[in-house]
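The values are calculated or read from the model by the stated rules, or taken from the named source; none is laboratory data. Fair warning: this is a prediction, and the values are worked out from it, not measured in the lab. Cβ atoms come from the backbone with ideal geometry, glycine included; neighbour counts cover every protein chain shown. All accessible areas refer to the heavy atoms of the entire protein, side chains included, with ligands and DNA or RNA removed. Shrake-Rupley method; radii C 1.70, N 1.55, O 1.52, S 1.80 Å.
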Amino acid sequence: APETAGADAHQFPHGFLWGSATASYQVEGTVKEDGRGPSIWDTFSHTPGKTHNGDTGDVADDHYHRYKEDVQLMKNLGLKTYRFSVSWSRVFPEGTGAPNPKGLDFYNRMLDELLAAGIAPYCTLYHWDLPQVLQDRGGWENRDTAKAFADYAGYTAGKLSDRVKHFMTMNELRTFVELGYSTGFHAPGLKLDAKGLAQVSHHAVLGHGMAVQAIRASAKPGTKVGLADNLTACTPVFDAPEHVEAAGRATREENAMFLTVIQEGRYTDGYLKRLGAAAPKFTAEELAIIGSKLDFTGINIYTPAYVRADDSEKGYAMVPSPASYPHMFSPWLTIGPEALYWAPKLVAKLWNVKEIYITENGASSADVPTPEGRILDTDRVMYLRNYLTQLHRAVAEGVPVKGYFLWSLLDNYEWADGYEKRFGIHYVDFKTQKRTPKLSAEFYREVIARNSVA
Ligand code: PNW
């Protein structure tokens, strides 16, 4: 046996699903082929001043044409599963109405390639690329968008569920709602007031719930439905009982407008009280739809949100990061490996969730190639090793995490950060489209091969 320290100490359960993730607009490129309609990200990225360097997803990783090569990269890693997203405006260029068969054909080709490689596909139906025509009618400010989303989701799941067994309605509700409609950093770049924002977030969770029901109505029996939510990962400042309890309370309250209402079918009293006159308009029937029971809960975990106990009415306080707090290449990406222990543990406990996936975790790095063209991203390896060790701690305790999707397979279009911030474990030369495995890809291949944190 090789002399590796504690070789089996961090063994994951047999059958643990090691995966990686991407999203349509970030990797596909090819924005005008085969009848695709424009999305809000085409509009936003082509608006001067909105993205780093004016970067757009017009070409991105050209994954639309290179998907075979990319599936080969997955095979080389030994991936068991791959999470991708469908571009709504490829399938329905007008957002609603007549489907465009050529749009789904791409996903059909890609799925056949994945299945031939023995890789289980996990499909996200909305990773932020809303058809522009629906934005022209108000986007998520308009309740009709929730219905349009459910129609698209039901149609697409109906077509793909012969090969896809797991669907996620939406990716990161908080990000597209808050960055899209409050700070304006993401498409559609709006800056609504608190009341407008609360209504947008209500329509987003409603769209999620309506899509859950539409997918169940159209997909083959046995199809599982969930979401990929970036909950605020409330993490005790340290493991003392009072801080742990505070982190549990904070998890419910801080996520009241997204995961909590989705799991509980009601807004917390604290949330409605905090908003007061800015509370969204909603009905009891809508809350029941939003609370549609899920088959699994996916959570995207990058950063910790530290919590301590205090004697305020809420019973907790959020602790902001000191200016010296360490982070990865993206300034927002503060490092707190134990978030990957606490978040799934608290989600399982608070809502009695039986099937959890880490639908994203990963890190940006400066990733400067050596003169020989190698990318020795020791910082990303450090990040992954420490987070996976904490994930193992949760799994070893019996927290029901069934799989982990590393963000991302490839360097790709990092939204408003353009191509500046690389998250891939494969380096992409955006001039030549050449893919090169980084040191982190070698690390991850080793983790998968040994089913253990290497
Ligand atoms: C997530 N923030 O986005 C997304 O799901 C991915 O599409 C993205 O590439 C990945 O994480 C890495 O960023 C986020 O500013 C984007 O806090 C921005 C933030 C958080 C998540």
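Being in contact (Cβ under 8 Å) with a residue 24 or more places away in the chain and either open to solvent by 10 Å² or more (accessible area, probe 1.4 Å) or out of contact with any His (no Cβ under 6 Å at 6 or more places or on another chain) (or both) is the filter here, so list the residues in segment 228-239 that pass it.
Scanning segment 228-239 gives ALA228, ASP229, ASN230, LEU231, THR232, ALA233, CYS234, THR235, VAL237.
So in segment 345-387, with the set limited to residues that are part of a helix (DSSP H, G or I) and charged (D, E, K, R), which one is farthest from PHE258 (Cα to Cα)?
ASP379
Only one of LEU410, LEU350, LEU376 is in contact (Cβ under 8 Å) with a residue 12 or more places away in the chain and open to solvent by less than 10 Å² (accessible area, probe 1.4 Å); which?
Only one candidate passes the filter, namely LEU410.
Among the listed residues GLU338, GLU355, GLU360, which satisfies the condition of being away from the ligand (no atom under 14 Å from the Cβ), among the charged types (D, E, K, R) and out of contact with any helix residue (DSSP H, G or I) (no Cβ under 7 Å at 6 or more places or on another chain)?
One residue alone meets the criteria, GLU355.
So that you can scan it fast, the table gives a plain yes or no per residue for (1) surrounded by fewer than 18 Cβ atoms within 10 Å (Cβ to Cβ); (2) in contact with a strand residue (DSSP E or B) (Cβ under 7 Å, 6 or more places away or on another chain); (3) on the phi > 0 side of the Ramachandran plot; (4) of a type outside the set (Asp, Glu):
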| site | (1), (2), (3), (4) |
| --- | --- |
| ASN171 | no, yes, no, yes |
| THR183 | yes, no, no, yes |
| LYS191 | yes, no, no, yes |
| LYS195 | yes, no, no, yes |
| SER201 | no, no, no, yes |
| ILE215 | no, yes, no, yes |
| GLY222 | yes, no, yes, yes |
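If you check ASP311 against the conditions, is it among the charged types (D, E, K, R), surrounded by fewer than 18 Cβ atoms within 10 Å (Cβ to Cβ) and under 26 Å from HIS392 (Cα atoms)?
Numbers: among the charged types (D, E, K, R): yes; surrounded by fewer than 18 Cβ atoms within 10 Å (Cβ to Cβ): yes; under 26 Å from HIS392 (Cα atoms): no.
So ASP311 fails the test.
Can you say whether THR124 is in contact (Cβ under 8 Å) with a residue 12 or more places away in the chain, crowded, with 24+ Cβ neighbours inside 10 Å and touching a Phe, Trp or Tyr at 6+ places or on another chain (Cβ under 8 Å), as far as the supplied structure shows?
yes
Among the residues of segment 39-96, count how many are within 12 Å of VAL27 (Cβ to Cβ), in a loop (DSSP other than H, G, I, E, B) and not polar (S, T, N, Q).
Selection size over segment 39-96: 5.
Only one residue in LYS50, LYS32, LYS68 is within 16 Å of the ligand (Cβ to nearest atom) and more than 30 Å from TYR341 (Cα to Cα), so which one is that?
Exactly one of LYS50, LYS32, LYS68 is within 16 Å of the ligand (Cβ to nearest atom) and more than 30 Å from TYR341 (Cα to Cα), namely LYS50.
Of GLY207, GLY158, which residue is more than 16 Å from the ligand (Cβ to nearest atom), at pLDDT 95 or above and closer than 17 Å to LEU104 by Cα?
Checking each option against the conditions leaves just GLY158.
For TYR427, which of the numbered conditions (1) in contact with a Ser or Thr (Cβ under 7 Å, 6 or more places away or on another chain); (2) closer than 29 Å to GLU355 by Cα fails to hold?
Every listed condition holds for TYR427 apart from (2).
Among the residues of segment 405-437, which ones are within 16 Å of the ligand (Cβ to nearest atom) and among the charged types (D, E, K, R)?
If the condition is that a residue be within 16 Å of the ligand (Cβ to nearest atom) and among the charged types (D, E, K, R), then ASP411, GLU414, ASP417, GLU420, LYS421, ARG422 are the ones that fit.
Residues in segment 68-100 that are under 17 Å from SER161 (Cβ atoms) and over 20 Å from the mean Cα position of the chain (by Cα): how many?
2
Residue check, LYS80 against (1) closer than 25 Å to ILE299 by Cα; (2) within 16 Å of the ligand (Cβ to nearest atom), all met but one. Which one?
Failing condition for LYS80: (2).
Inspect all residues belonging to segment 140-155 and state whether any of them is touching a residue at least 24 places away in the same chain (Cβ under 8 Å) and of a type in the set (Asp, Glu). Break it down into steps so the answer makes sense when it comes.
Step one: filter segment 140-155 for residues touching a residue at least 24 places away in the same chain (Cβ under 8 Å), giving 140-143, 145-155.
Add one more test, that the residue is of a type in the set (Asp, Glu), and what stays is 141, 151.
Yes, because at least one residue in segment 140-155 is touching a residue at least 24 places away in the same chain (Cβ under 8 Å) and of a type in the set (Asp, Glu).
Could you figure out which of (1) open to solvent by 50 Å² or more (accessible area, probe 1.4 Å); (2) assigned to a strand (DSSP E or B); (3) of a type in the set (Phe, Trp, Tyr) isn't true of TYR306?
Answer for TYR306: the failing condition is (1).
Would it be correct to say that THR175 is on the phi < 0 side of the Ramachandran plot, touching a Phe, Trp or Tyr at 6+ places or on another chain (Cβ under 8 Å), open to solvent by 10 Å² or more (accessible area, probe 1.4 Å) and away from the ligand (no atom under 16 Å from the Cβ)?
Considered against the rule, which asks whether it is on the phi < 0 side of the Ramachandran plot, touching a Phe, Trp or Tyr at 6+ places or on another chain (Cβ under 8 Å), open to solvent by 10 Å² or more (accessible area, probe 1.4 Å) and away from the ligand (no atom under 16 Å from the Cβ), THR175 comes out as no.
Filter segment 258-282 down to the residues that are in contact (Cβ under 8 Å) with a residue 60 or more places away in the chain, open to solvent by 30 Å² or more (accessible area, probe 1.4 Å) and of a type in the set (A, V, I, L, M, F, W, C) and list them by number.
Once the filter is applied, which keeps residues that are in contact (Cβ under 8 Å) with a residue 60 or more places away in the chain, open to solvent by 30 Å² or more (accessible area, probe 1.4 Å) and of a type in the set (A, V, I, L, M, F, W, C), segment 258-282 yields LEU275, ALA277, PHE282.
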